[in-house]
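Below is one structure; the comments refer to it alone.
Readers should treat all values here as calculations from the given coordinates under stated rules, not as data from a laboratory. Just so we're clear, the structure is a prediction, and the values are computed from it rather than from any experiment. Note that each Cβ is placed from the backbone with ideal geometry, even for glycine, and that neighbours are counted across all protein chains shown.
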2 protein chains.
Amino acid sequence: MTPVDAAELRAAFPVLEQVAYLNAGSDGPVSRQAIAAATTELEHQRDAGRATAHFEHRRELCDTQRCHYAGLLGAAPENVALTTSTSEGIAIALAGLPLAPGDEILCAEGEHPGLLGSLQAARDLRGVSVRFVALSRIADSLGPNTRAVTCAHVAWRTGETAPVEALAALADSGMPVLYDGAQAVGAIPVDVEELGCAIYAGSGQKWLCGPDGTGMLYVASAWLERLEVTRRGYASFSEPSAGIDAPLCDDARRYDTPSLSAEASAFAIAAYELLESFGWDAVHARGDELASELTLRLAERGHAVASRGNTTLVSWHSDEPAAVKTRLADAGIVVRDLPGTDLLRASVGAWNDGHDIDRLLRAVG
Amino acid sequence: MTPVDAAELRAAFPVLEQVAYLNAGSDGPVSRQAIAAATTELEHQRDAGRATAHFEHRRELCDTQRCHYAGLLGAAPENVALTTSTSEGIAIALAGLPLAPGDEILCAEGEHPGLLGSLQAARDLRGVSVRFVALSRIADSLGPNTRAVTCAHVAWRTGETAPVEALAALADSGMPVLYDGAQAVGAIPVDVEELGCAIYAGSGQKWLCGPDGTGMLYVASAWLERLEVTRRGYASFSEPSAGIDAPLCDDARRYDTPSLSAEASAFAIAAYELLESFGWDAVHARGDELASELTLRLAERGHAVASRGNTTLVSWHSDEPAAVKTRLADAGIVVRDLPGTDLLRASVGAWNDGHDIDRLLRAVG
């Protein structure tokens, strides 16, 4: 892997030639390398078909993708399942968690619909109650029936961070802590051992600049046996031909999405390796630095920036968020508004630069 | 849509220039059109980014893909969910079916691990019992506790067809019938109204020549409300921003996989439209005709062909199936062996021709 510098990293993303793309919190920018890798896979399928070698190749790509994700999380590959999204990872975890009617899940306020959907299912289908508290107070708000605690590592609306040390102490006492890491993996350093969490779900298409339809689910070793496998297909089994008594995989592959395409894996791998060639420490540091600069300069101009942590999301209040978003888009600046709030959100990654920030600030006024 | 003839259809699949590709029962051949469509999507993402228009575009592609699948099943689009595979469709259905401990699911013998996995989950996690009977006798084998009946529409090992009329009569009486249509959709005519089934799951990557990671789940209107939505994400809700009480979509979109990529949908759509331009009646008739020819000529040469229906799968017994498969592959003829059996299976589609059949027969001896 040849190291790349900030200018080379930026040059790998054609969209940045025209657009101040500040939207990785939805979907990251897409590199030439990633598209080249996906295209090569597709053309190979067209020309060579999809026979035995194709299925073996897909398995190898999945292994590589899993190793990359695991490396970034500070986990062993055996603890990482491949999913289609953070939401799916959360859904697998919450559906599989041993919970009984009357048990309570404690959740932070303002979480993403991807997490809320799984909580709704737990409430409606399993008789579990759900209580919401402010993210900052979540570790101190357990009740007598709380059996699981869940929140974003980085809040999707504001970039606020979870109280990870207090949650790690909770996890130490045996409480399952489930993180939605959609706005964290690839954006800030993540170390699941340090977090002590039972579950960490992340996205492939946001800060890792991979394809839509990719993601990861970390399951701590202590939870691998206890987290039920509620959906089981060919890929869940170590011997799929053994019939209805086929044994599940020993490791987190038992939770894998049943059919990840070679083109999706190749895209994800190439996207990851580009960022890795810049260096993960550099990716994190540069995102943090640019986001801090944006925060400061927005505040200097009188904008009310939402309370945030050392993350790559910068949200600020606006009288007309939807209209401003459209006006910015027309000027080639991509941010998003957040339905149900008066916030606009800029996602600032290592591929951005001062020029993108300047353009945004000039246009926002 | 310009109609194409058999030669033009065949010419759309480069793999057929070199290889007698008889493997659509695993993964279909891939057309130039499908790869061109996927590549265009990928390049657009690289150059334009993935902002609001990208998400709207993905929704439109999903609509088109859903309409295509629905048309082929004889269903309304409102009854069709997009999945990543037949296995996932089956898993969604079996996890959502109202079943209590002690209830029995009746299943055909020799089903695919994708279906068996979901049955294992129902047995192990919900206390449901599973009983197996021969496919031909399944409609006559109900017991007092049978609450659901499930089988392949076309058996993956042999190409045998389910007793659809007897099962339709059962379904008429209120029994949920769940079909694994992996070897049927695109291969033979399917009409879910005529089948009367509660559930019909199919694959996008086999007889529809779409990408790995695509599939469909038909849910009959009478079952839309009764089939629980055990995994819920952004796409499941009609108003995702409404928090934990967000309402589920009224229609089968509530079961959609959470994140289908534009490149996968575009691939699936272009693959489908190529076959449609040949005509579905012609696709089905030509597959049936070629498979019948292969069956006859294998039998003439003394091979024991497994009992089959008017389908596109032809399986025959072999003393050394794995070795023969490898020998054929070395000669550019792609069939598969079926672990746990002594069978070799040829998948014969409308893109094949007499030359492919001749090559196979010459090599098999």
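Which order results if B:Phe278, A:Phe267 are arranged by neighbouring Cβ count within 10 Å, fewest first?
On the way: B:Phe278 20, A:Phe267 34.
Listing B:Phe278, A:Phe267 from fewest to most nearby Cβ atoms yields B:Phe278, A:Phe267.
Would you mind working out the magnitude of the charge dipole of the stretch A:231-338 relative to its Cα centre, with +1 at each Lys and Arg C-beta and -1 at each Asp and Glu C-beta, to the nearest 20 Debye? It would help to have the intermediate numbers written out before the result.
Working: 11 positive and 17 negative charges, 74 e Å.
The calculation lands at about 360 debye.
Could you tell me the calculated FRET efficiency between A:Glu165 and B:Asp191, based on Cβ-Cβ distance and R0 = 60 angstrom, to the nearest 0.05?
Efficiency computed from Cβ-Cβ geometry: 0.50.
Just tell me how shielded B:144-156 is by partners: mean number of partner chain Cβ atoms within 10 Å of each residue's Cβ, no decimals.
Going residue by residue through B:144-156 and averaging, the value is 0.
Would you mind telling me the antiparallel percentage of the DSSP bridges in chain A, rounded to 5?
50
In nm, what is the difference between 0.36 nm times the number of residues separating B:Arg137 and B:Glu276 and their Cα-Cα distance?
Extending this stretch completely gives an extra 46.6 nm.
Find which of A:Ser241, A:Ser221, A:Leu313 sits farthest along the positive direction of the dipole of the stretch A:200-331, computed with +1 on the beta-carbon of Lys and Arg, -1 on that of Asp and Glu, about the Cα centre.
Towards the positive end, the residue furthest out is A:Leu313.
Apply 1/(1 + (r/R0)^6) to the Cβ-Cβ distance of B:Leu125 and B:Asp245, taking R0 = 30 Å, and write down the FRET efficiency to the nearest 0.05.
0.65
Working from the pairwise distances between different alpha carbons, so that the mean of 1/r is found and then inverted, what is the stretch A:33-168's Kirkwood radius in Å?
Kirkwood hydrodynamic radius for the stretch A:33-168: 17.7 Å.
Please compute, for peptide A:258-271, the average count of beta-carbon atoms on other protein chains lying within 10 Å of each residue's beta-carbon.
The shielding value for this peptide is 5.
How well do other chains shield peptide A:110-116, expressed as the mean number of their Cβ atoms within 10 Å of each residue Cβ? Kindly include the intermediate steps, with their values, before the conclusion.
Details: counts 1, 2, 3, 13, 8, 2, 11.
Per residue, the number of nearby Cβ atoms from other chains is 6 on average.
For the residue pair A:Ser221 and A:Ala323, what label-to-label distance in nm results when each label sits 7 Å from Cα along the Cα-to-beta-carbon direction?
Inter-label distance under the simple model: 5.8 nm.
Please compute the contact order of chain A in relative form: average sequence separation of alpha-carbon pairs under 8 Å and at least six residues apart, divided by the residue count, as a percent.
Details: 738 pairs, mean separation 88.0, N = 365.
In percent, rounded to a whole number, it is 24.
Using only the alpha-carbon atoms of chain B, report the extent along each of the three principal axes, biggest first, to the nearest angstrom.
64, 60, 32
Run the simple label-point estimate for A:Ala299 and A:Ala285 please: 7 Å along Cα→C-beta, distance reported in nm.
2.3
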